[in-house]
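Okay, so here's the structure we're looking at.
The values are calculated or read from the model by the stated rules, or taken from the named source; none is laboratory data. Predicted, not measured: the structure shown is a model, and the values here were computed from it. All Cβ positions, even for glycine, are placed from backbone atoms using ideal geometry, and neighbour counts span all protein chains on display.
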Amino acid sequence: MKQTVSQKKAILRETRPTVKVPLWQRMWRERWIYLLITPGLIYFVVFQYLPLLGNIIAFQDFSPYLGFFDSPWVGLANFVHLFTDPDVGIAIRNTLIISLLQIFFAFPLPIALAIMLNNMVSDKARRFLQSVLYLPHFISWVIIISLFQQILGGDGLINNFIRGTGGKPLDIMSNPDFFKPLVVIEVMWKDSGWGTIIFLAALTAIDLSLYEAAVIDGANKWRRIWHITLPGIRSIIILLLVLRLGTILNTGFEQIFLQRNAVGADAAEVLDTFVYFRGIQAGDWGFSTAVGLVKGVVGLVLILGANKLARRFGEEGLF
């Protein structure tokens, strides 16, 4: 059979010996791509990787006036102090409770919102609700805490209404027992709408013919969600859950810091605020750095373990 020109070119390409292009030639060929990623690379090097060298403070009795080279070395004394200081135990307990509450309540909410928005018939209503839901993400924590204070505070809207009806005002914003659930509610209101964007994008990858076949087979709405929607975005859910487990010791400094004085350190002290008050305000630089270093190592171990567990169950994971 007579071969066409395109077939001959394809055969020549397959039989042509592959020549390894040197690295510098490949980099020059893709120079514009490297130029585009240079600003981001500089940012991570300057603000993420170079500061890692400062972890040497964790092994010193560091003094800013003496510097890195003249501050006395104390070895593992700061780490021994970490496991014996009762204030560290309080901070770890509060951090884990808040993080676990966020995982159980705040993490599933964007999934439910994304499924709800995806099932809406009206495109205009869906776009409007999506804009309303993720708008709080762009509001600072200072404004959000102020809004909650105006609604739930001692002189807030709810308490003024209760006083007007002859009832006893509620102590919510300054009550240590309400603090942790209140923090979770604030996170849900601020960031859940923004998280729906990721899951809405994942829902677009599901084949619509699967829903059509399920309808023909008599599956109702809830069965379609359980057997098609959730399995279709399972990989994204696990990926984000792995990332969230890696930051389980991070609860957000600004949000907690703004409300800490109202409820006290026993209820609101977390690792982020502990490092700030013990390191910057009290001047115990070496000890606070040791706490931050241990927190980073634990986060790394958690994210590696969660990723390995995800791959064992057949998911792709992070890497």
Check your understanding: So Gly264 fits all but one of (1) of a type in the set (Gly, Ala, Ser); (2) on the phi < 0 side of the Ramachandran plot; (3) modelled with pLDDT of 85 or more; what number is the exception?
Key -> (2)
Exercise for review: Name the one entry in Val301, Val294 that is over 30 Å from Pro231 (Cβ atoms) and in a helix (DSSP H, G or I).
Suggested key: Val294
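What number of residues within the stretch 157-170 are in a loop (DSSP other than H, G, I, E, B) and either within 21 Å of Phe257 (Cβ to Cβ) or without any contact (Cβ under 8 Å) to a residue 12 or more places away in the chain (or both)?
Of the residues in the stretch 157-170, the ones in a loop (DSSP other than H, G, I, E, B) are 165-170.
Still in the list and also either within 21 Å of Phe257 (Cβ to Cβ) or without any contact (Cβ under 8 Å) to a residue 12 or more places away in the chain (or both): 165-168.
Matching residues across the stretch 157-170 total 4.
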Review point. Looking at Ile248, is it of a type outside the set (Gly, Ala, Ser), closer than 22 Å to Pro86 by Cβ, buried (at least 18 other Cβ atoms within 10 Å of the Cβ) and under 25 Å from the mean Cα position of the chain (by Cα)?
Key: yes
**Study point:** Residue ID - nearest to Leu96 (Cα to Cα), chosen from residues in the stretch 171-196 that are among the charged types (D, E, K, R) and assigned to a helix (DSSP H, G or I)
**Key:** Lys180
**Study point:** Single residue of Val121, Val80, Val88, Val142 found to be surrounded by fewer than 12 Cβ atoms within 10 Å (Cβ to Cβ) and either under 30 Å from Leu293 (Cβ atoms) or polar (S, T, N, Q) (or both)
**Key:** Val142
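Every residue, every condition in (1) farther than 30 Å from Asp284 by Cα; (2) surrounded by 10 or more Cβ atoms within 10 Å (Cβ to Cβ); (3) modelled with pLDDT of 80 or more, yes or no:
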position: Lys2; (1), (2), (3): yes, no, no
position: Arg26; (1), (2), (3): yes, yes, yes
position: Arg29; (1), (2), (3): yes, yes, yes
position: Leu35; (1), (2), (3): yes, no, yes
Check your understanding: Does Ala106 qualify as being in contact with a helix residue (DSSP H, G or I) (Cβ under 6 Å, 6 or more places away or on another chain) and aliphatic (A, V, I, L, M)?
Key -> yes
Check your understanding: Any residue in the stretch 120-138 that is more than 30 Å from Ile225 (Cα to Cα), of a type in the set (Gly, Ala, Ser) and in a loop (DSSP other than H, G, I, E, B)?
Key -> no
Exercise for review: Quick one: Glu315 ticks every box in (1) in contact (Cβ under 8 Å) with a residue 60 or more places away in the chain; (2) more than 30 Å from Gly89 (Cα to Cα); (3) in a helix (DSSP H, G or I) except a single one, so which number is it?
Suggested key: (3)
Check your understanding: Checking Ile238 against (1) within 27 Å of Ile139 (Cα to Cα); (2) of a type in the set (A, V, I, L, M, F, W, C); (3) surrounded by 16 or more Cβ atoms within 10 Å (Cβ to Cβ), which single condition isn't satisfied?
Key -> (1)
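Within the stretch 237-260, can you find the residues that are over 17 Å from Ile144 (Cβ atoms) and either of a type outside the set (S, T, N, Q) or in a helix (DSSP H, G or I) (or both)?
If the condition is that a residue be over 17 Å from Ile144 (Cβ atoms) and either of a type outside the set (S, T, N, Q) or in a helix (DSSP H, G or I) (or both), then Ile237, Ile238, Leu239, Leu240, Leu241, Val242, Leu243, Arg244, Leu245, Gly246, Ile248, Leu249 are the ones that fit.
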Check your understanding: So which of Ala205, Ala201 is under 21 Å from the mean Cα position of the chain (by Cα), surrounded by fewer than 17 Cβ atoms within 10 Å (Cβ to Cβ), among the small types (Gly, Ala, Ser) and modelled with pLDDT under 90?
Key -> Ala201
